[in-house]
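Data first, discussion second: the structure below is written as structure tokens.
The values are calculated or read from the model by the stated rules, or taken from the named source; none is laboratory data. The structure presented is a predicted model; accordingly, all values stated were derived computationally and were not measured. A quick note on method: Cβ atoms are made from the backbone with ideal geometry, for glycine too, and the neighbour counts reach across all protein chains shown. Note: areas computed on protein heavy atoms with side chains; ligands, DNA, RNA excluded. Shrake-Rupley method; radii C 1.70, N 1.55, O 1.52, S 1.80 Å.
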Amino acid sequence: MSDFLEKDVVIVGGGPAGLSAALVLGRGRKRVLLCDAGTPRNARAEHMQGFVTRDGLPPSEFRAIGREQLRPYDVDLRDVRVASIQRAGARFHVTLADGVKVEARRVLLATGLVDEIPDVPGYRELWGHAVFQCPYCHGWEVRDRAWGVLANADASLYVDFALFLKGWSSNITLYTQGGFQLSAEQRERLVRAEVRIVEGRVRRLVLSADAKALEAVELEDGARVAQDVLVVHPAQRQVSLVKDLGLALDELGFVKVDASLETSLPGVFAAGDLTTRLQGALVSAAAGAQAAYRMNHLLNMEAVGAGPAK
Ligand SMILES: Cc1cc2nc3c(=O)[nH]c(=O)nc-3n(C[C@H](O)[C@H](O)[C@H](O)COP(=O)(O)OP(=O)(O)OC[C@H]3O[C@@H](n4cnc5c(N)ncnc54)[C@H](O)[C@@H]3O)c2cc1C
């Protein structure tokens with residue numbers, strides 16, 4: 001295998017965003033290298049919900065189908081981490097973790113995000129099962145069960161979130177974790193909507209004997225609240241490659257992109273979770289396609305010596 005490659009586009013990340021971009025670019029007759037480090041965000045979930053025609057498909061199967069459908073095209077798919085990306089004039093020098101060097105005309109970052117699982121005993125074990133981050137992804141399956149909302153930021157955000165979740169379950173408990181004081185008005189809104197409020201700090205999650213289900217939330221004073229599921233928003237961070245590139249980020253830490261999904265570094269595009277709070281497989285796939293349309297357009301116009309259409 002050659003240790004030097006020339007490609008039109010290197011795509012970093014083989015989740016929904018990267019696979020979708022590769023399909024568009026492959027069909028646009030571009031030479032594509034798609035690299036994936038194999039750490040998808042939804043790795044712990046058994047099913048991927050809410051993707052039209054794919055509702056309930058295991059995430060690994062989704063990826064396998066996505067890869068299979070790239071076969072007819074000039075898409076070189078590699079299970080390898082991209083170690084670095086450097087700008088070299090109008091091109092990019094990309095180095096893979098296995099030492100292979102690549103010259104590319106455009107780069108798409110589809111690297112997702114890393115969820116920072118907090119150090120609460122039981123949390124990691126149940127992540128993606130009874131502890132989940134998105135009601136659209138997993139709410140239907142546990143509708144009307146006992147839901148807890150584990151707050152880790154300011155009150156206003158979580159008061160509204162707890163109220164919003166009443167659309168899935170009548171049985172909602174908000175754990176403030178002693179992190180903020182509820183105002184009288186906030187408390188009144190929660191009480192009126194019959195959202196239970198627990199203000200003590202959470203010590204651990206009590207798991208079932210087979211460690212597959214949540215039984216209760218245990219507070220620091222030893223009290224236990226029976227609970228079936230927890231909805232959480234752990235902190236998230238960008239992968240190191242994105243940090244190394246020094247791209248502009250917004251105030252929440254997402255990669256800033258313009259309307260064409262180009263980042264602050266011209267020629268480097270970004271699509272999927274790393275750019276937005278609106279995180280879902282379908283949304284990421286759509287963004288991947290959008291970035292690919294733009295890159296393909298630019299490459300076609302460059303090839304005939306014309307600038308991009310305004
Ligand atoms: C527990 C859980 C359950 C979820 N369930 C659902 C659901 O049911 N339905 C739904 O729509 N959404 C769900 N989501 C959200 C969904 O997983 C994400 O929105 C979606 O995967 C984002 O796609 P992406 O392509 O942006 O990133 P990802 O799918 O995270 O893919 C990013 C890829 O980039 C790779 N990568 C990172 N850095 C590098 C590098 N340097 N070199 C090479 N590769 C790299 C990673 O290994 C990874 O494979 C869930 C999320 C979580 C956490």
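Just a few scattered comments:
- Ser183 vs. criteria at pLDDT below 95 and of a type in the set (Gly, Ala, Ser): yes
- Some residue of the stretch 134-145 being outside any helix (DSSP H, G or I), at positive phi and more than 21 Å from the chain's Cα centre (by Cα): yes
- Checked against (1) within 30 Å of Arg201 (Cα to Cα); (2) touching a Phe, Trp or Tyr at 6+ places or on another chain (Cβ under 6 Å); (3) hydrophobic (A, V, I, L, M, F, W, C), Phe132 meets all criteria but (2).
- Test result for Ala64, closer than 23 Å to Leu245 by Cα, loosely packed, with under 14 Cβ neighbours inside 10 Å and more than 9 Å from the ligand (Cβ to nearest atom): no
- Single condition Leu113 does not satisfy, out of (1) modelled with pLDDT of 95 or more; (2) open to solvent by 20 Å² or more (accessible area, probe 1.4 Å); (3) over 30 Å from Asp3 (Cβ atoms): (2)
- Among residues of the stretch 195-221, those that are touching a Lys or Arg at 6+ places or on another chain (Cβ under 8 Å) and under 26 Å from Ser183 (Cα atoms), counted: 6
- Residue match in the stretch 140-162 (condition: away from the ligand (no atom under 16 Å from the Cβ), outside the structural domain of Ala45 (by TED's automatic domain parsing) and polar (S, T, N, Q)): yes
- Flag: Pro40 does not match the condition of being assigned by TED's automatic domain parsing to the domain that holds Val107 and at pLDDT 95 or above.
- Only listed residue being without any contact (Cβ under 8 Å) to a residue 24 or more places away in the chain and small (Gly, Ala, Ser), chosen from Ser60, Ser84: Ser60
- Residues within the stretch 1-33 that are in contact with an Asp or Glu (Cβ under 7 Å, 6 or more places away or on another chain), more than 9 Å from the ligand (Cβ to nearest atom) and either modelled with pLDDT under 95 or under 19 Å from Ile85 (Cα atoms) (or both), tallied: 4
- Sole residue being open to solvent by 30 Å² or more (accessible area, probe 1.4 Å) and either near the ligand (Cβ under 10 Å from one of its atoms) or at positive phi (or both), chosen from His93, His47: His47
- For Ala271, the test of being outside the structural domain of Tyr136 (by TED's automatic domain parsing), near the ligand (Cβ under 9 Å from one of its atoms), among the small types (Gly, Ala, Ser) and touching a Leu at 6+ places or on another chain (Cβ under 9 Å) is passed.
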